[in-house]
Amino acid sequence: MDMMEENGVSFAGIASLTAEELRNRMQLGDAMPVEDVARTEDRVISGADGGDLPIRIYWAEATDEPRPVVVFFHGGGWVIGGIDSHDGQVREMVNRTGMVYVSVDYRLAPEDKFPAAAEDCYAATQWVAANAAAIGADASRLGVAGDSAGGNLAAAVAQMARDRGGPAIAHQLLIYPCCDMDSNAWPSQTENGFDYFLTKESMDWFYDQYADVADRNNPYASPIKADDLSGLPPACVITAEFDPLRDEGEAYGAALQEAGVACEVHRYDGMFHGFFGMTLAIPGAVEAQETAAAAVQAALSG
């Protein structure tokens, strides 16, 4: 965490910042070394509003055999981040799984508030399912994944796909997801909300940017608020011991299990929010990625 703060990656004083000021401060992923993959391609597809929706497609290897495909949604509180900020993390998961990944540059808040991001992510998932063969992927082996706000969006897309009759999603990887837009509902928001990078203050600020109060109980904004979680795809939930979002992520995993959904939940002791992409500095991040990759492979490689 000290390393992040030394490089200007901090949520300190967030309540007084505008979204643009925070984006200027948080240059996520800049100048970080990344792994090679076989190929990447940037494209622009149609978003939920008919506007441009940038995506980046990653291939682990050159092959004529259709590969499973994962649609990835980046974190950043629905306000910051993008394809480039999570490029390194996605490349690592591409290489660990051997799959096609499609990373989505959905619209950000507060310029575009809920449900813009969720609808863009759903539109991108529809596009991947419809165009899987053209990108060397197998639409019958389709997963969604995301970290933090992206985990929230992955969970939302899984519910949207069930509720709207498709596309069929075979797995959801939720990395320390935000599952409830009420920071007062979970003890870990208070216990871990001050000294571990992500703060309770910053979460409240992100909620205010992303969703009006009247929308926060919508299950596509707060997935744990869904009346019915049955019929959702198998899931893997990754949490961190010192993360404000720990309790709600684990509660969502338990709720999925209670609804009859196959779900594995892995808490990483000693870890904090954001650790998953820090493989160069944190051995626990490597372990978490290996666990996540194994879960995705088990669900999609059959």
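Among the conditions (1) more than 16 Å from the chain's Cα centre (by Cα); (2) outside any loop (DSSP other than H, G, I, E, B); (3) touching a residue at least 40 places away in the same chain (Cβ under 8 Å), Asn218 misses just one, which is (2).
If I go through the range 2-29 residue by residue, how many of them are in a loop (DSSP other than H, G, I, E, B), of a type in the set (A, V, I, L, M), at pLDDT 75 or above and over 22 Å from the mean Cα position of the chain (by Cα)? Don't jump to the end; show me each part of the working.
First pass over the range 2-29, keeping only residues in a loop (DSSP other than H, G, I, E, B): 7-13, 17-18, 26-29.
Retained after the next criterion (residues that are of a type in the set (A, V, I, L, M)): 9, 12, 17, 26, 28.
Then keep just the ones that are at pLDDT 75 or above; that gives 17, 26.
Filter again for over 22 Å from the mean Cα position of the chain (by Cα), leaving 17.
Number of matching residues: 1.
Asp182 meets all of the listed conditions (1) under 23 Å from Glu20 (Cα atoms); (2) in contact with a Lys or Arg (Cβ under 8 Å, 6 or more places away or on another chain) but one, namely (1).
Among residues belonging to the range 75-116 that are within 12 Å of the chain's Cα centre (by Cα) and small (Gly, Ala, Ser), point out the one that is surrounded by the fewest Cβ atoms within 10 Å (Cβ to Cβ). My answer is Gly82.
For the range 232-259, the set of residues classified as part of a helix (DSSP H, G or I) and more than 14 Å from Tyr196 (Cα to Cα) consists of Asp247, Glu248, Gly249, Glu250, Ala251, Tyr252, Gly253, Ala254, Ala255, Leu256, Gln257, Glu258, listed by residue number. The set of residues from the range 146-163 being touching a helix residue (DSSP H, G or I) at 6+ places or on another chain (Cβ under 8 Å) and either surrounded by fewer than 24 Cβ atoms within 10 Å (Cβ to Cβ) or over 29 Å from Asp269 (Cα atoms) (or both) comprises Gln159, Met160, Ala161.
Contact map, the range 65-91: first residue within 16 Å of Glu20 (Cα to Cα) and free of Cβ contacts under 8 Å to residues at least 60 places away in the same chain, second residue assigned to a strand (DSSP E or B) and not aliphatic (A, V, I, L, M), Cβ cut-off under 9 Å, separation 6 or more or different chains; pairs are Gly82/Pro54; Gly82/Ser103. Tell me, yes or no, whether the range 37-46 has at least one residue that is among the hydrophobic types (A, V, I, L, M, F, W, C), at pLDDT 95 or above and part of a loop (DSSP other than H, G, I, E, B). Within the range 37-46 (the criterion being among the hydrophobic types (A, V, I, L, M, F, W, C), at pLDDT 95 or above and part of a loop (DSSP other than H, G, I, E, B)), the answer is yes, since at least one residue qualifies.
Restricting Ala259, Ala226, Ala251 to those that are farther than 30 Å from Asp112 by Cα and either touching a Pro at 6+ places or on another chain (Cβ under 9 Å) or of a type in the set (A, V, I, L, M, F, W, C) (or both) reduces the list to Ala259.
Could you check, for the range 254-274, whether at least one of its residues is acidic (Asp, Glu), under 30 Å from Pro66 (Cα atoms) and either surrounded by 23 or more Cβ atoms within 10 Å (Cβ to Cβ) or in contact with a Cys (Cβ under 7 Å, 6 or more places away or on another chain) (or both)?
Yes.
Going residue by residue through the range 147-163, is there one that turns out to be part of a strand (DSSP E or B), out of contact with any Asp or Glu (no Cβ under 7 Å at 6 or more places or on another chain) and in contact (Cβ under 8 Å) with a residue 12 or more places away in the chain? Yes.
The values are calculated or read from the model by the stated rules, or taken from the named source; none is laboratory data. Nothing here was measured: the structure is a model prediction, and the numbers come from that model. When we count neighbours, we look across all protein chains shown, and the Cβ atoms used for this are built from the backbone with ideal geometry, even at glycine.
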